[in-house]
Amino acid sequence: MYASVAARLLANAEALNMVESVGNVARHRRVPIIVPREEGYSLIYAPSVSGECLANAYQRHIVELAGIEKLPVCESCKKGFFIKHGVLEAIRDVAQDWEKPLVEKKIKNPEEVEKLILENCIVEDICGFLLPEEIPAKRTSKFKVSFMVPTFDAVEQLALESQFHVRYAPDPELHRIYYVEIGSVLYALQMSLEVDEIGRPTMLAKEQVLEKGDRLKRIEVAVKAMASMLENRIFGARLSRINPISEVRSILVAVSTPLPFTVTPPHGREYMKTTAARADAFKKLINGEEIKLFAYDNEKAAEGIAGIQKCDTISSLFSEVLSYIKEKT
Ligand SMILES: [Zn+2]
């Protein structure tokens, strides 16, 4: 089972992802994007927020939720250091009992490494890890996320401006001026979750490590972490002084089984209509394929479209998604 999520997020006065300081100017991250035009394409460099930035926030939300549900999280992930056993030196002196065989390099079998970490850290179960040791062991992330980039339908209405600030001091000699680049953008964002893979080792030929009830609890946390991110819009940097005035304009979620089906990129409000038509066609093509669509719509994107379950709030949207996933798991 696969859950695909696309969202359109309007952020005014944001500095969610800065890349470098040049002198006293902190620059906003930019990416090149290709925009289709009536004839041909044009290249623009536009403000963006990286997938790493969003994944970091997602993992922090998992840690919070795992605490509530009393699910295991390793000490590094708990502190927000998502090194995920990639540098064993970093945990040598603070390793918990279960981590000692890893640090002492007593486990030579990558399958056993995956099983051990999966059982003891839900962050690494959902978001993967890589141990670049003599015999490398890895688990690919079951959560995937895009960069946030401007939507095509609002790409002409975005702005990036350096804002002047002064740290004022009694002695004028100690005044410090600095600039922060601030953007106002309608962003597109995509995420996905390989639901069936959560709580299951990938290297041990589908061996069951966790009970079904425990797997469901982890799936619940994985879905709720996406909900919490979008419902509260707590992600990105510089929130202490440049917390954007932001709102989610719409979200579409597709839950599919047995093959993955992804939502159309939300570059225009018609993405819901396009996704619904694609879902119908894909179901006809693949025997036994089931696809269920759920939407939160604050911009009349889902109006008059059949086959989409509409929800009034972001939290109720993800509650419905979760109920459907549990019913099908
Ligand atoms: Zn961990």
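Structure notes:
- Backbone geometry of the stretch 50-63 corresponds, through the Karplus equation with coefficients 6.51, -1.76 and 1.60 at θ = phi - 60°, to 3J(HN,Hα) couplings of 6, x, 4, 4, 5, 5, 4, 5, 4, 5, 5, 5, 4, 4 Hz, x marking Gly and Pro.
- Modelled label reach - Ala13, point 7 Å along Cα→Cβ, the stretch 231-245 residues with backbone N closer than 17 Å: 237-245
- Test item: Cα-centred dipole of the stretch 91-197, Lys/Arg +1 and Asp/Glu -1 on Cβ, debye: 200 debye
- Within the stretch 90-187, the percentage of alpha carbon pairs spaced more than 18 angstrom apart rounds to 68%.
- Positive dipole terminus of the chain, leading residue within Val255, Val73, Ala137 (C-beta point charges): Val255
- Kirkwood radius and radius of gyration were both taken over the C-alpha atoms of the stretch 125-256, and their ratio Rg/Rh is 1.13.
- Annotation for the stretch 141-180: GluC sites (Glu not before Pro) lying in DSSP loop with at most 16 further Cβ atoms inside 10 Å of their Cβ are Glu156.
- Overall form of the stretch 201-300 per C-alpha gyration tensor (a/c, 1.5; a/b vs b/c): oblate
- The length gained on full extension between Glu327 and Glu75, counted as 0.36 nm times the residue separation minus their Cα-Cα distance, comes to 87.4 nm.
- Comparing Asp153, Asp93, Asp297 in a Gaussian network model of the chain where C-alpha atoms under 10 Å apart are linked, the largest mean-square fluctuation is found at Asp93.
- Here the spin labels are modelled as points 7 Å beyond Cα on the Cα-Cβ line, and at Lys100 and Ser42 they lie 6.5 nm apart.
- Only the Cβ atoms of Lys and Arg (+1) and of Asp and Glu (-1) were treated as charged; on that basis the dipole of the chain about its Cα centre amounts to roughly 160 debye.
- Gap separating the Cα centres of the stretch 270-315 and the stretch 174-249, nearest whole Å: 22 Å
- Treating r as the C-beta distance of Val87 and Arg167 and R0 as 45 Å, the FRET efficiency rounds to 0.80.
- Taking each DSSP H run with n ≥ 4 as -39500 (n - 2.57) and averaging over every residue of the chain yields -9000 deg cm²/dmol at 222 nm.
- Once C-alpha pairs closer than 8 Å and six or more residues apart are averaged by separation and normalised to the residue number of the stretch 223-318, the relative contact order reads 31 percent.
- Note, ³J(HN,Hα) from phi for the stretch 90-100, Karplus 6.51, -1.76, 1.60, rounded to Hz, x at Gly and Pro: 5, 10, 3, 7, 10, 4, 6, 3, 5, 8, 4
- For the chain, the calculated P(r) over all alpha carbon pairs, in 20 Å bins from 0 to the bin holding the longest distance, is 28, 53, 18, 1 percent.
- Estimated dipole of the stretch 43-133 in Debye, rounded to 20 [Cβ of Lys and Arg +1, of Asp and Glu -1, Cα centre]: 140 debye
- Extreme residue, positive dipole direction of the chain, given options Ala57, Ala301, Leu158 (C-beta unit charges): Ala301
- The chymotrypsin sites (Phe, Trp or Tyr not before Pro) of the stretch 143-174 meeting both criteria, a DSSP state outside H, G, I, E and B (loop) and at most 11 other C-beta atoms within 10 angstrom of the site's C-beta, are Tyr168.
- The smallest convex shape that holds all Cα atoms of the stretch 179-226, its convex hull, gives 135 Å³ per residue.
- Candidates Ser316, Ser228, Ser42, ranked by Gaussian network fluctuation over the chain, Cα under 10 Å, top entry: Ser42
- R0 of 25 Å, Cβ-Cβ distance Glu290-Leu204: FRET efficiency to nearest 0.05: 0.35
- Amide H contacts under 5 Å for Lys310, placed H, 5+ residues apart: Ala295
- Proximity of backbone amide H atoms, modeled 1.01 Å from N, is registered between Asn17 and Arg29, Ala237 at under 5 Å, excluding neighbours fewer than 5 places apart on the same chain.
- Computed from phi, the 3J(HN,Hα) profile of the stretch 208-214 under the Karplus parametrisation 6.51, -1.76, 1.60 (θ = phi - 60°) reads 7, 9, 10, 5, 4, x, 5 Hz, with x in place of Gly and Pro.
- Relative contact order [Cα under 8 Å, 6+ residues apart], the chain, whole percent: 27 percent
- For the chain, the longest site-free run once trypsin sites (Lys or Arg not before Pro) in DSSP loop states with at most 13 other Cβ atoms within 10 Å are removed: 109-205
- Gaussian network model of the chain, springs between alpha carbon atoms under 10 Å - residue of Glu299, Glu181, Glu134 with greatest fluctuation: Glu134
Read-outs: derived from the displayed coordinates by stated rules, not from any lab. Predicted, not measured: the structure shown is a model, and the values here were computed from it. Counting neighbours? That spans all protein chains shown, and the Cβs are built from the backbone with ideal geometry, glycine included.
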